[in-house]
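Taken together, the values in this text are just the output of simple stated rules run on the coordinates, not laboratory data. Predicted model, so just to flag it, every value in this text is computed and none were measured. As a convention, Cβ positions derive from the backbone with ideal geometry for all residues, glycine included, and neighbour counts pool all protein chains shown.
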Amino acid sequence: MRVIMLGGLGAFPTADEGCCGFLIEHSGQRVLIDPGYGTLAGLQARMPAAGIDAVYVSHGHPDHCADLQPLLRVRVLTDRSGPALPVYAPVGSLGPLLAIDEPGMLDPAYELREFEPGAELSVGGLRATTWSLPHWVPNAGVRFEADGSTVAWTGDTGPSPDLVVLARDVDLLIAEATYADEMPERHAGYLSTAAEVGRYAAEAGARRVVLAHRWPGTDPETLLTAARQAYDGPVSVAAPGLTVDLDEPATTT
């Protein structure tokens, strides 16, 4: 199993980097996770839009799903006979996004498979277990498993005991870490710091960690320093092109 980051930011993209979507490649399948602002360009630099086999969206905020809409446009406007793309998302989360185009135009491009956070799913050949994690809107943290490899993704979340369960002994934890170690009051309970990620990753025994969703302009080194206060395993900050091959030994970066 291989994981490729398409960006690393939360909130909005910059001229140099998109938001924190990523790809999971396994046994010839490619699953796209949280295609937020600015992820489609990086995706198409690697493969055609038709090369995606499934999409998983943790929640409906646009920095996690906005580029699904142009992805579907590319697929339907270049090949109307192509297969419908399975799209997994919490119930009701994608309605506003999918309604912005002319009625019916995108319908052949996707098959929406809505679920309640807490469900177990099969996504592009991966077994997916989901958790409802605290955010302003329904957010489904997820653990993907196949052939003994595991990848967990928190989506956006405030503190929750379920984060340790989600990350327990996982090969790779991709965790929202918008801030380093201080949380603005307006975001308390709904987002995470790298210091918090380090603490629950250590408790869970996660084998390696990628810190994602950093606030634009944040120095990545501040996130690494904060996470390493409690976590002594390999830890990286999400950035375009960062690749983790779970068949290779973990190394500290």
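Along its first, second and third principal axes, ordered by size, segment 1-119 spans 33, 32, 27 Å in Cα coordinates.
I'd like the distance separating the alpha-carbon centroids of segment 161-236 and segment 108-151, in whole Å. Segment 161-236 and segment 108-151 have Cα centres separated by 20 Å. If a paramagnetic tag sat 7 Å from the Cα of Ala45 along the Cα-Cβ line, which residues of segment 1-22 would have the backbone N under 13 Å from that point? Only 5-8, 14-19 fall inside the zone, counting backbone N under 13 Å. The residues packed around Ala11, meaning those with a beta-carbon under 11 Å from its beta-carbon, carry a net charge of -1 if Lys and Arg are +1 and Asp and Glu are -1.
Dipole of segment 2-245 computed with +1 at Lys/Arg Cβ and -1 at Asp/Glu Cβ about the Cα centre; of Ala227, Ala204, Ile24, farthest Cα towards the positive end is Ile24.
GNM on the chain, alpha-carbon springs under 10 angstrom: the most fluctuating residue among Val142, Val87, Val209 is Val87. Counting only Cβ charges, +1 for Lys and Arg and -1 for Asp and Glu, the dipole size of segment 2-245 around its Cα centre is about 340 debye. Of the trypsin sites (Lys or Arg not before Pro) in segment 34-82, the ones in a loop by DSSP (not H, G, I, E or B) with at most 16 other beta carbons within 10 Å are Arg80.
For Ala212, neighbours were defined as the other residues whose beta-carbon sits under 15 Å from its Cβ, and their charges (Lys and Arg +1, Asp and Glu -1) total -4.
FRET efficiency for the Ala230 to Val74 pair, using the beta carbon distance and R₀ = 35 Å, is estimated at 0.25. Ranked by the mean number of other Cβ atoms within 10 Å of their residues, highest first, the peptides 59-68, 119-128 fall in the order 59-68, 119-128.
Near Asp63, once Lys and Arg are set to +1 and Asp and Glu to -1 for all other residues with Cβ below 14 Å from its Cβ, the sum equals -4.
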